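Shown next, in structure tokens, is the structure this report addresses.
The values are calculated or read from the model by the stated rules, or taken from the named source; none is laboratory data. From a predicted model like this one, the values you see are computed outputs, not experimental measurements. In this analysis, Cβ positions are derived from the backbone assuming ideal geometry, glycine residues included, and neighbour counts consider all displayed protein chains. Only protein heavy atoms, including side chains, enter the accessible area calculation; ligands, DNA and RNA are left aside. Shrake-Rupley method; radii C 1.70, N 1.55, O 1.52, S 1.80 Å.
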Amino acid sequence: MSRNITPDEGHELLDRGRALHELSYTRKVKEIELDGMKIDLVLSKQKVICEVKSGRGSISAGRMQLLYYLYRLHEVGVDMVGEVRVPKVKETFQVKLGLPEERELLATLSLVKSITDLDKPPATVWVKSCHRCAYNGLCWGVPG
């Protein structure tokens, strides 16, 4: 993303995620785009922002995504809490931005910056989620 490279937009899992997003929480205000952020669901009365994920394997990533959104909102004076929602299994995980979470987020952002500042990407390392990733073809030269 730092190089304006987008994932395979026709990737099956991205299509599933879009469908899940459209079919879930149909009565709620959905998808608000702010600079560098696309918040899936906003419950303004409760001061909650939500990230909708398709499975439990995405909870950690969703948590970090929400911490980033909460941090950015806090910077402009909007304090909220977050929820990672997994409608498929009807689970919700609370996310709050406290001092330990802010430190974790800033350390992660620093690591990401050190990688994006490189002239060339680091060597690829296969991890369990690579086979499902919409960037698979970019990293491994094969369709995802």
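Would you point out the residue of region 98-115, among those that are in contact (Cβ under 8 Å) with a residue 12 or more places away in the chain and among the charged types (D, E, K, R), that is most open to solvent (accessible area, probe 1.4 Å)? The residue in question is E104. Taken over region 115-140, the residue count meeting the criterion of being touching an Asp or Glu at 6+ places or on another chain (Cβ under 7 Å) and under 18 Å from A61 (Cα atoms) is 1. Taking region 94-119 as the range and being of a type in the set (D, E) and out of contact with any strand residue (DSSP E or B) (no Cβ under 9 Å at 6 or more places or on another chain) as the test, the residues that pass are E102, E104, D117, D119. Per this entry, V81 is not counted among residues that are free of Cβ contacts under 8 Å to residues at least 40 places away in the same chain, β-branched (V, I, T) and either open to solvent by 50 Å² or more (accessible area, probe 1.4 Å) or touching a helix residue (DSSP H, G or I) at 6+ places or on another chain (Cβ under 6 Å) (or both). Residues in region 121-144 that are assigned to a helix (DSSP H, G or I) and either of a type in the set (S, T, N, Q) or exposed (fewer than 10 other Cβ atoms within 10 Å of the Cβ) (or both): K128, S129, N136.
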